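Novice: Can you read through this structure? Questions will come right after.
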Amino acid sequence: MIAAILQYDFLQNAFLSGMIIGVLAPLLGVFIVVRRLSLIADALSHVTLAGIAGSLYLSQTFVGLATLNPLYLGIASAVAGSLFIEKLRGVYKHFEELAIPIIMSAGLGLSAIFISLAQGFSTDLFSYLFGSVSAVSRQDLWIVVIIAVVVIAFIYLFYKELFVSSFDAEYARASGLRTKAIHMLFMVITALVIAASMRIVGILLVSSLITLPVAAAIRLAKSFKQTIVYAIVFGETAVLVGLITAFYLNLAPGGTIVVTSIMILLIAMLVKKIATKRSV
Amino acid sequence: MIKQPLIELQNISFQYDYTKVLSHLSLSINEGDFVALLGPNGSGKSTLLKIILGLLKPTTGTIHLFGEEATKFKKREWIGYVSQKANAFNGGFPATVKEVVASGLTKKLGLFKRKAHNQQTLIEEALQAVDMLPYLHRNIGELSGGQQQRVFIARALIAKPKMLILDEPTVGVDQENVAIFYDLMEKLNNEGMTVVLVTHDMTVVESAVTNIACLNGKIHYYGPKEGYEALTKEQISVWYSYSVEQEDMS
């Protein structure tokens, strides 16, 4: 396996971006879960699909755009989607969760139109939906690296503001913190992570890499910092085990990564149960 | 010594869509006061608190905090806020007492500064003040209602505020802890802290409170506790059944 990684560029791209995403998705995921935004991540991934499908259609139709990396439009639509969700949550103050089905169906509807307009691009699309070991280009890897730097800097600099506004939003506002602005930035960052992750795990499974390691970590961790560390360890393990399995068994990595995450979650739940029984 | 007014409300009115909640309310709270805002459910207590904290904008009227117009007032860390325990946070939140108390420093530290140089000492001092130091590494969700409330007071105290504002501090707290709570407030007040608490708990009258504001749509009484105690039950019950909407109709 290591020899193969050293030999093939595409494998290096997949493993390096996989390892970066294994850190990013659960790191941001901890904040997404405690802010109760898990479903919003799912809605955003569907908007990203619309951008990807739109870009694939454009590159098929216009020769000048043939080399356009679909990730760019994917990122742009995810960011636009995140801002639109916030707008909707403001409009429907008493039914904030309405933003999710609205954005999700808009994303899927647009995707369906672009896919049928292009009448095809099935292999490309399949890799975007469920991830791919072989389709990650060097350019994709660089995009992931840049997003990683932005996201880690954001969380490092705004850690205490993110913590206090996640734990007790009213207290944060009463303290005079600019919670709205921080939340808006947070949503844009979420969109970036979703766009970065989808090359490896696929659009349909992005939210699982964001939420499953966190679900396992919450069962075991005693503190917030510990939750972050556990979530990253679980996410990273799932990505590595998933990518290796996908490579050897010729499967879509999205599937193998998610199944590994589920197994980690089950083990975490079991460990918690045993620990609770022992302490009684 | 002339005491400085820390909160000055003038002619405050507020309404949610079509429901009028507060009507032409004026109130001034001075440095060193221990004020209880008393009122029945739906009297506008929480609304008034939110207006003071800048969470809601009044329909009319002006607010001054520490002598400065509220919208221009930047030293929010001077006001320590203790939110109502029951709905303040998600009980499953994975955080330790230490992390929660440290979060009280967020505004004081300002953007991009990750922690205070003596953060550990500040956390321990704040927890010591509420007698919760042994719980430093415990998960916040595992504590009882009374203990959680003391942690939230420590979170407010860590920024060394000049005034504490507490929303329904005795809801969901057992009798023994209510007594401990009022003792703690008395101690802080004696040390110079201005304390404002909103409650429908009448036992507050027994405690170290110096002033009482009786609120139901507007201020019906505001003055020393002794004056409130001298009022007849009939008078208080008339105020408690008062409605701002009725006044408009008449």
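Novice: Show me the helices (runs of 4 or more DSSP H) entirely contained within the range A:1-81 in which 3 or more residues are among the hydroxyl-bearing types (Ser, Thr, Tyr) and open to solvent by less than 50 Å² (accessible area, probe 1.4 Å).
Specialist: Working: elements: A:2-7, A:9-34, A:38-61.
Counting at least 3 such residues, we get A:38-61.
Novice: Among the residues of the range B:143-150, are any modelled with pLDDT of 90 or more, open to solvent by 40 Å² or more (accessible area, probe 1.4 Å) and out of contact with any Leu (no Cβ under 6 Å at 6 or more places or on another chain)?
Specialist: Looking through the range B:143-150, none of the residues is modelled with pLDDT of 90 or more, open to solvent by 40 Å² or more (accessible area, probe 1.4 Å) and out of contact with any Leu (no Cβ under 6 Å at 6 or more places or on another chain).
Novice: More than 14 Å from chain A (Cβ to nearest Cβ) and of a type in the set (D, E, K, R), is that true of residue B:125? Break it down stepwise before answering.
Specialist: Details: more than 14 Å from chain A (Cβ to nearest Cβ): yes; of a type in the set (D, E, K, R): yes.
When the stated conditions are applied, residue B:125 passes them.
Novice: Then there's this: Only one of B:110, B:67, B:92 is away from chain A (no Cβ under 11 Å) and out of contact with any Lys or Arg (no Cβ under 9 Å at 6 or more places or on another chain). Can you tell me which? Explain how you work it out, then say what you get.
Specialist: On the way: B:110 fails: away from chain A (no Cβ under 11 Å); B:92 fails: away from chain A (no Cβ under 11 Å).
When all the criteria are applied, what remains is B:67.
Novice: Oh, and also: Working only within the range B:202-235, note down all residues that are more than 21 Å from residue B:26 (Cβ to Cβ) and open to solvent by 30 Å² or more (accessible area, probe 1.4 Å).
Specialist: B:202, B:203, B:206, B:226, B:229, B:230, B:232, B:233, B:234
Novice: For residue B:166, state whether it is away from chain A (no Cβ under 14 Å), touching a Leu at 6+ places or on another chain (Cβ under 6 Å) and either open to solvent by 50 Å² or more (accessible area, probe 1.4 Å) or not in a loop (DSSP other than H, G, I, E, B) (or both).
Specialist: Here the answer is no, as residue B:166 does not meet what is asked.
Here's the yes/no breakdown for (1) modelled with pLDDT of 90 or more; (2) assigned to a helix (DSSP H, G or I); (3) at positive phi:
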{"position": "B:98", "(1), (2), (3)": "yes, yes, no"}
{"position": "B:103", "(1), (2), (3)": "yes, yes, no"}
{"position": "B:114", "(1), (2), (3)": "no, no, no"}
{"position": "B:137", "(1), (2), (3)": "yes, no, no"}
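Novice: Looking at the range A:216-230, which of its residues are more than 10 Å from chain B (Cβ to nearest Cβ) and either polar (S, T, N, Q) or open to solvent by less than 40 Å² (accessible area, probe 1.4 Å) (or both)?
Specialist: The first filter runs over the range A:216-230 and keeps only residues more than 10 Å from chain B (Cβ to nearest Cβ), leaving A:216, A:229.
A:216 - this is the single residue of the range A:216-230 that is more than 10 Å from chain B (Cβ to nearest Cβ) and either polar (S, T, N, Q) or open to solvent by less than 40 Å² (accessible area, probe 1.4 Å) (or both).
Novice: Look at residue A:131 and say whether it is touching a Ser or Thr at 6+ places or on another chain (Cβ under 8 Å) and more than 14 Å from chain B (Cβ to nearest Cβ). Full working, then the answer.
Specialist: On the way: touching a Ser or Thr at 6+ places or on another chain (Cβ under 8 Å): no; more than 14 Å from chain B (Cβ to nearest Cβ): yes.
No: the conditions fail for residue A:131.
Novice: State all residues of the range B:80-89 that are more than 8 Å from chain A (Cβ to nearest Cβ) and either over 30 Å from residue A:226 (Cβ atoms) or open to solvent by 10 Å² or more (accessible area, probe 1.4 Å) (or both); if no residue qualifies, say none.
Specialist: Of the range B:80-89, the ones more than 8 Å from chain A (Cβ to nearest Cβ) are B:80, B:82, B:84-87.
Result: B:84, B:85, B:86, B:87.
The values are calculated or read from the model by the stated rules, or taken from the named source; none is laboratory data. Here the structure is a predicted model, which means the values were calculated and not measured. Using ideal geometry, Cβ is built from the backbone for each residue, glycine included, and neighbour counts are taken over all protein chains shown. With ligands, DNA and RNA removed, areas are computed over all heavy atoms of the protein, side chains included. Shrake-Rupley method; radii C 1.70, N 1.55, O 1.52, S 1.80 Å.
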